[in-house]
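Each value in this text was obtained by applying a stated rule to the coordinates, not by laboratory testing. Keep in mind it's a predicted model, so treat the numbers as computed, not measured. Using ideal geometry, Cβ is built from the backbone for each residue, glycine included, and neighbour counts are taken over all protein chains shown.
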Amino acid sequence: MEKKTARPRTPKTAKKPEAQPFITEFDQYLFGQGVHYEIYKKLGAHVAMKKGKKGVYFAVWAPDAARVCLVGDFNGWDREADPMTRLEPLGIHELFVPGMKEGALYKYAVTGQDGKTILKSDPYGFSAEMRPSTASKVASIDGFKWSDNRWIDNRAQSKFQKEPMAIYEMHPGSWKKHTPENEDDPGFYNFRELAPELVTYLKEMGYTHVELIGVAEHPFDGSWGYQVTGYYAPTSRYGTPKDFMYFVNYLHKHKIGVILDWVPAHFPRDEHGLANFDGKALYEYADPKKGEHPDWGTKIFDYGRNEVKNFLIANALYWLTEYHVDGLRIDAVASMLYLDYGKQDGQWVANKYGENKNLEAIEFFRHLNSIVHQRKPGTVMIAEESTAWPMVTGDPEDGGLGFDLKWNMGWMNDFLEYQKCDPYFRKYNHNKMTFSMTYAYSENYILVISHDEVVHLKKSMLEKMPGSDEQKFANLKAAYAFMLGHPGKKLLFMGQEFGERREWSEARELDWASLNDPRHEGLKEYVGQLLTMYNKYPALYGMDDTWDGFQWINANDGDRSIFSFVRYSPSKRNNLLFVINFTPVDRPDYRVGVPKKKRYTKILSTKAPEIGGAADTEPVIYQATASECDGQPYSIGYPLPGYGVAVFKF
């Protein structure tokens, strides 16, 4: 018969969890209810004192295990040398080892009810060996001297919806690499040496945030960190936990926010990981129709089990609290919301209403986002949700999921399909660039061009563009201007800002040498100008959530493939007019309608030589005249070159 694990009763003399890591009755009660938000301070490996002796306290949740022993380099990896004591009623196993110090390598030898013993890494371990080794490592996350108090205080008071957010998505292991010393040296930068180089670059370009891929420990480089085995361990590829603290602290001191990709959707089957942790399904749904992704070959978390939800919610708070991270971008949200995601008929189980919605995942998201916003004001929770699920950024009390921002995948797909079109055929696809405005304010969006769009034969952003090499660069500048002017926060994957030609690979660094080519350097300079303009003018971010901030001038000029629109600032001062030509045809007699009889000052033009243009000999200031155009009472004339971009303030 299957062993039943009883829920703990509330202790009659309930006290708050103790500062020491030893598991108490109250800890078990909170964990059993799924609300022990600091459970990582109890489970795992912790330097502690017991009866006057210093050592390390270990605790692991394995309710169906017949036996758990601690093994490591301290006992010759003997699977029976150090048996752990089982605590009832939750089946937590504990052991204090006097004399043990930081740096010790360990695993749990978990024997299931079938008598089979498997070595498991610590689900709550703070550090791990460098891959391909898989042992956990005793590490303390206490004692780092943070100096980002001002940043944290300002963040708590911030209204990020009304502030600029330009995110640089990056994979730390392939942004830059050292020359390998031998064939076994991957050439990774340590977080401490990466920090100053990255800050210099981000400040030069005008990014406000960096979003990091693959920070949690993972066994396979090719998963990019999306198949996690160490949810509480910053990957040893780039240093220690305190090296990562240094990184975040350094970026905060230079006013750069740090967002992490976070993966509560699934985990790999690797034997040392979470899969079948105590001999049976523990972290995953027991029914394979609910607990497995057929396409991905991974396990799905059991969002209906309190201890599993606690593991994940505490993990989110762990990164936000212990590492001062400013936000989490939650990967593959749609795969969690839909029970039939990536599955054929017969491969999934409907909910109690006969629907394909995962009710437990919905409740999980509402719980997660509510407690994060309560405990960590000013941090942002971002959903990578690829469907039309309603109210992703809506209030949980009103039926929403409670996220702050959602990736605008619909905009991205339409935008990229349009950019790949031959210019001649763009007039037949004009609506791909305008359709997103029909739903632009239904959620709080981030416009994204992410790593997923420049891998797996999809080509880099530069190579997606049609035409000659010169036309590719010009087209990409027009594309980035449209993205910058469109409502929504911004995200661009590393390397695309200077026209990386090759698809991204985690195995090599970006092609920095291409910046010796004036065309690549000019594109980089141009993106820097766009981001500088974005940060400078509230028109580009201050009213991202209302139609009051946007006006089409001409959304219907499909025959010429020209788009013109206005972004309004909250103060109605320094409003911006965008004019973008998506064909190589020059329009020397181009005229654009404008809403006011004002002076229009050109603040950006792709004609500028420092960004690769031939020369800009046109006037800077244009006076609107009472000449109707584009349905507007006034207009200005501006010679618009092929793939030309012009931005005017008024």
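Principal-axis analysis of the Cα atoms of the chain puts helix 306-322 at an angle of about 60° to the longest axis. Taking a ≥ b ≥ c as the square roots of the eigenvalues of the Cα gyration tensor of the range 25-137, is the shape rounded (a/c under 1.5), prolate (a/b larger than b/c) or oblate? Verdict is rounded for the range 25-137. Distance between the pseudo-spin-label points of K597 and D452 (7 Å out from Cα toward the beta carbon): 5.1 nm.
Given a Förster distance of 60 Å, report the FRET efficiency between S140 and A626 from their Cβ-Cβ distance, rounded to the nearest 0.05. The computed FRET efficiency comes out at 0.25.
Is the shape of the chain best called rounded, prolate or oblate, per the rule: a/c under 1.5 gives rounded, else a/b larger than b/c gives prolate, else oblate, with a ≥ b ≥ c the square roots of the Cα gyration tensor eigenvalues? In terms of gyration-tensor shape, prolate.
Residues F22, F563, ranked from the fewest to the most other C-beta atoms within 10 Å, line up as F22, F563. In order along the range 95-107, phi translates into HN-Hα couplings of 6, 10, 10, x, x, 6, 10, 4, x, 5, 8, 7, 8 Hz, rounded to whole numbers, per the Karplus curve 6.51 cos²θ - 1.76 cosθ + 1.60 with θ = phi - 60° and x for Gly and Pro. Counted by Cβ distance under 12 Å from T532, the other residues give a net charge of 0, where Lys and Arg count +1 and Asp and Glu count -1.
For the range 25-137, the relative contact order works out to 24 percent when only alpha carbon pairs closer than 8 Å and six or more residues apart are counted. Among the listed pairs K597/K649; K299/K343; K203/K607; K357/K490; K159/K406, those whose Cα-Cα separation exceeds 19 Å are K203/K607; K357/K490.
Here the residues I580, I371, ranked from fewest to most Cβ neighbours within 10 Å of their Cβ, fall in the order I371, I580.
The relative contact order of the range 547-649 comes to 32 percent, based on Cα pairs under 8 Å that sit 6 or more residues apart.
What's the angle, to the nearest 10 degrees (0 to 90), between helix 359-375's Cα axis and the longest principal axis of the chain? Computed tilt is about 80 degrees. Projecting label points 7 angstrom from Cα along Cα→Cβ for K255 and K53 puts them 5.4 nm apart. Over the range 287-384, the pair-distance histogram of Cα-Cα distances with 5 Å bins from zero comes to 2, 12, 22, 22, 17, 12, 8, 3, 1 percent, rounded to whole numbers.
Round to a whole angstrom and tell me the spacing of the C-alpha centers of the range 56-71 and the range 265-291. What the calculation gives is 17 Å, centre to centre. Going down the table (K162/K524; K54/K145; K107/K280; K162/K255; K42/K145), which pairs top 20 Å between alpha carbons? Distance filter (> 20 Å) returns K162/K524; K54/K145; K42/K145. Comparing Cα centroids, the range 188-245 and the range 569-599 end up 41 angstrom apart. If R₀ is 56 angstrom, what is the calculated FRET efficiency for the pair A388 and H178, using the beta carbon separation as r and rounding to 0.05? E(calc), rounded to 0.05, equals 0.80.
Using a/c under 1.5 as the rounded threshold, could you call the range 172-287 rounded, prolate or oblate? The axes a ≥ b ≥ c are square roots of the C-alpha gyration tensor eigenvalues, and prolate needs a/b larger than b/c, oblate otherwise. Here the range 172-287 falls in the prolate category.
In percent, rounded to a whole number, the relative contact order of the chain is 10, using alpha-carbon pairs under 8 Å and six or more apart. Computed extension length for D559-A286: 92.6 nm, one decimal, from 0.36 nm per residue of separation with the Cα-Cα distance subtracted.
Subtracting the Cα-Cα distance from 0.36 nm times the residue separation, let me have the gained length for N149 to T438 in nm, one decimal.
Separation in residues times 0.36 nm, less the Cα-Cα distance, equals 99.9 nm.
Remark: D545, D404 ranked as D545, D404, counting other beta-carbon atoms within 10 Å and listing the fewest first. Rounded to the nearest 500, the 222 nm mean residue ellipticity of the chain from helices alone is -7000 deg cm²/dmol, with -39,500 (n - 2.57) taken per DSSP H run of at least 4 residues. Helix 518-536 and the longest principal axis of the C-alpha atoms of the chain enclose an angle of approximately 80°.
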